[in-house]
1. Tell me, what is the per residue accessible area of segment 2-235 in Å², probe radius 1.4 Å?
2. Could you give me the radius of gyration and the Dmax of segment 166-240, taking only the C-alpha atoms into account and expressing both in angstrom?
3. Looking at the chain as a GNM with Cα springs under 10 Å, which of Glu78, Glu93, Glu106 has the largest mean-square fluctuation?
4. Taking the Cα centre of the chain as origin and charging only Cβ (+1 Lys, Arg; -1 Asp, Glu), how large is the dipole, in debye to the nearest 20?
5. Quick one: among Pro160, Pro82, Pro146, which has the greatest mean-square fluctuation in a GNM of the chain with alpha-carbon springs under 10 angstrom?
6. Taking all pairs of distinct Cα atoms, average 1/r, flip it, and tell me the Kirkwood hydrodynamic radius of segment 2-235 in Å to one decimal place.
7. Would you mind pulling out the separation of the Cα centroids of segment 112-141 and segment 144-185, in Å?
8. What do you get for Rg/Rh over segment 93-163 if you use C-alpha atoms and the Kirkwood form of Rh?
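The values are calculated or read from the model by the stated rules, or taken from the named source; none is laboratory data. The structure presented is a predicted model; accordingly, all values stated were derived computationally and were not measured. Here the Cβ positions follow ideal geometry from the backbone for every residue, glycine too, while neighbour counts run over all protein chains shown. Calculation scope for accessible area: heavy atoms of the full protein, side chains included, ligands and nucleic acids excluded. Shrake-Rupley method; radii C 1.70, N 1.55, O 1.52, S 1.80 Å.
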Amino acid sequence: MLSVRGVTKKYGKLIANDDISFEVNPGEISVLLGPNGAGKSTIIKCIAGLLKFKGKIFINGNENKSLLAKRDLGYIPEMPVPYDMLTVWEHMEFIARAYSLENWKERAEDLLKRFELDDKKKKLGNELSKGMQQKISICCGMLPEPKVILLDEPMVGLDPFAIKELKKLVVEKRKEGCAILISTHMIDSVAEFWDTTNIMVASGIAARRTRKGIEGSGENLEDLFFQIVNDAKKENGGEE
Ligand code: ADP
């Protein structure tokens, strides 16, 4: 379970996250929606332990910067950063060693196959296309079998086959009981499988919905998103 409690993050004077709180339960796919600049990547980076912030974040009850929390957390960043001088297979080995994984090779093979990297095992990080970098980033993030998974704009740069595979993988992980948080500005990309959503506008959460709630009220997520963002823009005098 992921629990974000009262997180505020400033870059100098700019408030990028203003008192953000939400939870993602095991077996739930939660989507962080919002226009560019709303603060989605910032909160994801705070959860991943990459930024200092005010407030508390717990991963399965452990503070996010603890070793126990990190063991349970998988983070697939918006910008993949493979190691230039490691091959695709060495990335898998590196993660396996960093997490002291046992019996990981079959899983690594399977992940590389799913994302069509199995014939590129000997390619170096700096020889990979943007899409391949994104795929190795997904494989690295998933190899330790994290219980809480963060995906920041995961479909950007992927080909349709990889998008299909990633969606399948995310749904499998939900079935295994993982808590999954996906940040995106592309509503279509998550329409088939989201369970809950927090809509971010101008550094805060402007609305929360569950799929059941929306289906019950006859609302449409995309219409709702535009309405919320436009209302917030009007309140802020035309600015995001
Ligand atoms: P989103 O992911 O929703 O597009 P971000 O979290 O990337 O939004 O950005 C939120 C706000 O914080 C934006 O105004 C952005 O310009 C600002 N911002 C993001 N990263 C930095 C940084 N490293 N330094 C200063 N400002 C930043």
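1. Working: 11560 Å² over 234 residues.
Result: 49 Å² of accessible area for each residue.
2. Expressed in Å, the Cα Rg and Dmax of segment 166-240 come to 13.9, 45.
3. Maximum fluctuation in the GNM of the chain, among the listed residues, is at Glu106.
4. Details: 36 positive and 36 negative charges, 148 e Å.
So the dipole magnitude of the chain works out to roughly 720 debye.
5. With Cα springs under 10 Å in the chain, the top fluctuation among Pro160, Pro82, Pro146 is at Pro160.
6. Working: mean 1/r = 0.0546 Å⁻¹.
It works out to 18.3 Å.
7. 16
8. Numbers: Rg = 12.1 Å, Rh = 12.8 Å.
Here Rg/Rh amounts to 0.94.
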